[in-house]
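The values are calculated or read from the model by the stated rules, or taken from the named source; none is laboratory data. All of these numbers come straight from a predicted model, not from anything done at the bench. Here the Cβ positions follow ideal geometry from the backbone for every residue, glycine too, while neighbour counts run over all protein chains shown. In case anyone asks, the SASA skips ligands and DNA or RNA and just uses the protein heavy atoms, side chains included. Shrake-Rupley method; radii C 1.70, N 1.55, O 1.52, S 1.80 Å.
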Amino acid sequence: MRLFDLLLHLFHRSAQDREIDEELRSHIQHRADDLEQTGLSRAEATRRAAVEFGGLVRYKEESHASMGTMGARFLETLIGDLQIGLRALRKSPGFTLVAIATLALGIGANAVVFSVLNAFILKPLNLPGAESLYMIERGKDLSAQQSYPDYLDLRDRNRSFDGLAAYSIDPVGLDTGGNPAPAWVYEASGNYFDVLGAQPFLGRFFHASDEHGHNSSPYIVLSYAYWQSRFQSNPAAIGSTVQMNKHPFTILGVAAPGFRGSELFYSPDFWVPIVDQGQVEGYDDLNSRGARGIWLVGRLKPEVTPAQATADLASIAAYLSKTYKKDDDETSFSLARPGLLGDMLRGPVRAFMTALMLLAGLILLAACANLGSLFAARTADRQREIALRLALGSSRNRILRQLLTEAVLISLTGGAAGLAGGLVLLRWLSVWQPVPNIPINLPVNPDARVYLVSLLLAFASGLLFGLVPLRQVLSANPYQIVKSGATGAAGRRFTFRDILLVLQVAVCAVLVTSSLVAVRGLLRSLHSNFGFQPQNAMLVDTDLDMAGYDGDRVGPMQRRMIDAVQTIPGTTAVGLIDRAPLSLGWNTNVVFDDNATDFNMSKATTEAMMYRVSPAYLQAAGTTLLAGRDFTWHDAPNTPRVAVVNREFARKLFHSETEAIGHYFRFPDGSRIQVVGLVEDGKYKTLTEDPQPAMFLPILQQPSSASWLIVRSNRDPQQLASAMESTLHNLDPGLPFTTRTWTREMDSALFASRVATVALGVLGGLGAMLAITGIFGMASYSVSKRLRELGIRVALGAQHREVLGAALGRSLRLLTIGSVAGLLLGIAATRVLAFIVYQATPRDPLILAGAILAMLLVGLVATLIPAMRALSVDPLILLREE
């Protein structure tokens with residue numbers, strides 16, 4: 001009934017307005033009649049009656065307040081405020097657009113960062129009862145990697161978990177019928193899906209009852225996305241047989257859409273039983289307690305707390321340490337949340353996202369501070385309007401409510417625009433694959449929590465900057481303003497607002513300088529010397545295990561691959577390496593002096609990167625041979641073992657580069673290796689690493705099924721890739737491989753540099769926008785408050801330069817102070833970038849010139865409109881208004 005009354009009141013508002021107007025006019029007319037009888041003219045009597053009666057608006061508001069219900073009055077007032085606010089904002093399109101854009105950037109940045117934080121830290125895995133899922137970590141370093149025998153003991157001896165599952169991530173080759181291709185899988189224990197509480201979309205999952213020993217469960221469960229892309233969503237795929245690494249496997253089922261397993265960042269193609277490790281990986285470590293390469297995830301029993309489970313695991317750790325002292329000395333276990341490989345990734349991701357969230361929050365606060373300055377300047381421009389409204393009977397509360405309504409309208413519009421832009425960026429992030437040929441992506445689809453936070457931030461921001469003009473409205477003297485106009489001069493004291501503006505400009509200069517340094521470093525890194533030349537080189541990545549090659553069959557096949565690709569027209573050099581430098585993953589080995597007799601690891605001379613390469617690899621890779629010789633096909637298993645080392649290896653082991661050739665070193669097994677060649681230093685793990693010792697060994701003497709062909713050619717990459725694929729398929733139609741340019745493979749190495757560059761570029765743009773709006777707000781406020789003074793200066797003959805100095809001098813001084821401080825801080829801060837971005841250095845005249853030019857541009861854009869307004873002051877118009 002109250003709702004009906006409320007709507008009825010609103011629909012009859014116009015009729016009430018007419019009745020009130022008629023009654024008020026009647027009172028005024030009666031008083032005018034009385035005054036007219038005293039001898040005044042009718043016009044003068046009417047005027048005096050209106051003056052005596054006072055503000056009509058106030059009486060109308062009081063009448064409505066006495067006639068309407070509370071809900072009707074509130075809704076009525078709100079609608080009126082919104083209509084007035086929209087009209088006021090339409091009259092100032094420039095101010096409105098700047099305010100909305102500023103707030104959109106601030107709220108959009110917060111929405112994006114919070115979405116990532118929510119997806120990876122705050123929200124559990126998208127699984128039933130995910131809050132009871134935990135990973136088990138090992139030791140003081142909180143390593144998530146365990147051995148399979150330890151998993152069996154933990155699974156069978158614990159009293160805290162309803163189920164404990166094991167899994168690992170590996171590449172394989174899958175042939176669905178004449179089209180072998182690399183794929184990425186989960187190797188999972190039989191109870192994996194049961195522990196996670198997952199249900200299949202089609203068919204069934206494998207279970208613990210399907211495991212009957214090693215290589216006993218040749219089953220595959222496809223991911224929904226892989227079933228769609230590779231099998232065209234054909235239900236007949238269930239029950240069919242495919243070849244995985246040349247072994248037959250039966251497809252049991254398809255996982256539900258959106259099911260990715262137990263890691264947030266990894267999207268597998270399918271799942272296979274972990275007991276088939278021998279067929280999946282080409283070797284079987286399931287009986288080795290020291291081979292730690294699997295992860296464990298379990299579901300706690302409802303009545304068990306994490307503390308009780310940790311105590312339970314401690315008793316199992318004590319048993320393992322006592323029973324298997326050699327392999328499990330000082331064993332300890334702890335719990336961690338799943339999704340990011342336990343604390344291995346969760347800790348860094350949490351720290352990084354928390355820092356980003358704090359920075360995004362500071363950006364939003366700075367945006368609110370700038371908008372507060374803009375609102376103060378706008379309120380100063382509207383002083384005469386506010387004074388007239390006060391003189392006509394409007395209350396200060398009503399005016400403040402109107403200003404807050406305008407602020408909230410801007411904040412909600414800016415929040416909607418920022419959220420819309422954030423959703424576009426989040427959609428792109430969700431499908432972005434930062435590492436080529438590995439299914440790693442960031443599922444950051446926003447949920448209701450993200451929308452709610454964005455709405456709250458928008459509303460709170462509107463209230464925050466909308467309250468800035470509070471003192472101006474409360475202290476306004478309507479009669480003084482109407483009589484003498486908007487007066488006042490900008491303060492000469494260094495205020496808190498000035499300090500905030502200097503800090504904003506300094507932060508902007510830091511971000512601009514850092515982003516320029518990152519861009520220059522990234523451009524340099526694309527054309528730097530890495531110890532190899534990725535330009536004009538193609539990679540063919542495969543593992544011969546995937547095609548069923550093992551033992552003595554691996555070496556001859558690698559030789560045939562090299563010989564076959566060398567026949568392709570335009571090919572200048574072909575080599576093979578077991579792992580390309582700067583790709584994901586690497587191998588190291590400790591080395592000893594030739595005179596060593598104690599091969600304890602603590603006695604090692606150094607630890608070096610180890611690569612297994614074919615003859616001509618150095619030529620194909622573009623690695624410079626400084627001394628000695630390259631390998632030949634005569635460096636075979638039955639010949640003396642040899643190596644080519646880099647300069648850092650020679651310095652570490654022989655203390656001289658010139659004396660390395662012909663000298664020997666030893667491996668932990670005591671084998672003796674002769675150095676026959678010396679090559680330049682290079683980059684092997686990361687672009688920013690210090691010089692690393694590295695050794696290259698003949699692949700015939702150190703066999704490996706992992707095979708990366710390096711093909712150097714001046715042909716078009718697409719044509720060359722097509723020719724290589726045809727050649728290798730003719731050699732073995734069942735060989736799965738991928739081809740790409742070496743520069744594309746460098747994406748993983750350049751990932752951190754590119755992320756830092758993009759992030760700093762975006763933050764630099766946000767900082768510049770905030771600095772512009774901050775300076776614009778202060779300059780506009782200064783001009784608004786000093787219009788009379790500026791008019792008098794112009795009337796007395798002041799030149800344009802003097803007028804600009806008086807109007808904008810304070811803002812420009814603050815800009816200069818902040819810019820100088822920011823540039824100095826930026827040069828110091830960019831030293832930190834050297835750990836992320838290769839060859840990032842602030843000692844570059846282009847960086848300094850670019851930063852100075854950027855800050856000058858910021859100042860020019862920010863002060864252009866206030867400067868034009870100051871120069872357009874007409875003293876005659878100002879004096880006429882007095």
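One decimal place: the segment TRP586-ARG157 gains 150.9 nm when fully extended, by the rule 0.36 nm per residue minus the C-alpha distance. Within the stretch 215-302, the chymotrypsin sites (Phe, Trp or Tyr not before Pro) that combine a DSSP coil assignment with at most 15 other C-beta atoms in a 10 angstrom radius are TYR283. Take the Cα of ARG427, step 7 Å toward its Cβ, do the same at ASN730, and the gap between the two points is 4.6 nm.
Averaged over its residues, the stretch 145-255 has an accessible area of 38 Å² per residue, based on protein heavy atoms and a 1.4 Å probe. Charge tally around THR738: other residues with Cβ under 12 Å, Lys/Arg +1 each, Asp/Glu -1 each, net -2.
When the square roots of the Cα gyration tensor eigenvalues are ordered a ≥ b ≥ c, the ratio a/c for the stretch 174-245 is 1.5 or more and a/b does not exceed b/c, which makes its shape oblate. Simple spin-label estimate for PHE201 and ALA101 gives 4.3 nm between the two label positions (7 Å along the Cα-to-Cβ direction from each Cα). Here the translational diffusion coefficient of the stretch 633-679 follows from Stokes-Einstein with Rh set to the Kirkwood radius across Cα pairs; for 25 °C and 0.890 mPa s it amounts to 221 µm²/s. Spread over its residues, the convex hull of the C-alpha atoms of the stretch 139-190 is 110 Å³ per residue. For the listed peptides 186-194, 299-307, a ranking on the average number of other beta carbons within 10 Å per residue, highest first, reads 186-194, 299-307. Taking amide H positions as modeled 1.01 Å from N, with prolines and chain starts lacking one, the residues under 5 Å from LEU335 and 5 or more places away or on another chain are GLU137. Working from the Cα coordinates of the stretch 398-456, the gyration tensor eigenvalues give, after taking √(5λ), semi-axes of 37, 10, 6 Å in decreasing order.
The stretch 110-184 and the stretch 663-678 have their alpha-carbon centroids 40 Å apart. According to the square roots a ≥ b ≥ c of the eigenvalues of the Cα gyration tensor, what is the shape class of the stretch 221-363, taking rounded for a/c under 1.5, prolate for a/b larger than b/c otherwise, and oblate for the remainder? The shape class here is oblate.
Between THR323 and ASN234, the contour length at 0.36 nm per residue exceeds the Cα-Cα span by 26.9 nm. In percent, rounded to a whole number, the relative contact order of the stretch 582-717 is 34, using alpha-carbon pairs under 8 Å and six or more apart.
Once the Cβ-Cβ distance of THR639 and ASP747 is raised to the sixth power relative to R0 = 30 Å, the FRET efficiency obtained is 0.20. For a test of the definition: using alpha carbon positions, the gyration tensor, and the 1.5 limit on a/c, classify the stretch 515-579 as rounded, prolate or oblate. Judged from the Cα gyration tensor, the stretch 515-579 comes out prolate (a/c at least 1.5, a/b above b/c).
Couplings 3J(HN,Hα) of the stretch 34-49, computed from phi: 5, 5, 5, 5, 7, x, 7, 5, 5, 5, 5, 5, 5, 4, 5, 5 Hz, in residue order, whole Hz [Karplus 6.51 cos²θ - 1.76 cosθ + 1.60, θ = phi - 60°; x for Gly and Pro].
Dimensions of the stretch 249-303 along the principal axes, based on C-alpha atoms and rounded to the nearest Å, stand at 36, 32, 22, largest first. Each residue of the stretch 666-678 was assigned a 3J(HN,Hα) from its phi angle through the Karplus expression (A = 6.51, B = -1.76, C = 1.60, θ = phi - 60°), giving 10, 8, x, 7, x, 5, 9, 10, 9, 7, 10, x, 10 Hz with x at Gly and Pro. Stretching the chain fully between ALA314 and VAL762 yields a gain of 156.5 nm (0.36 nm per residue, less the alpha carbon separation).
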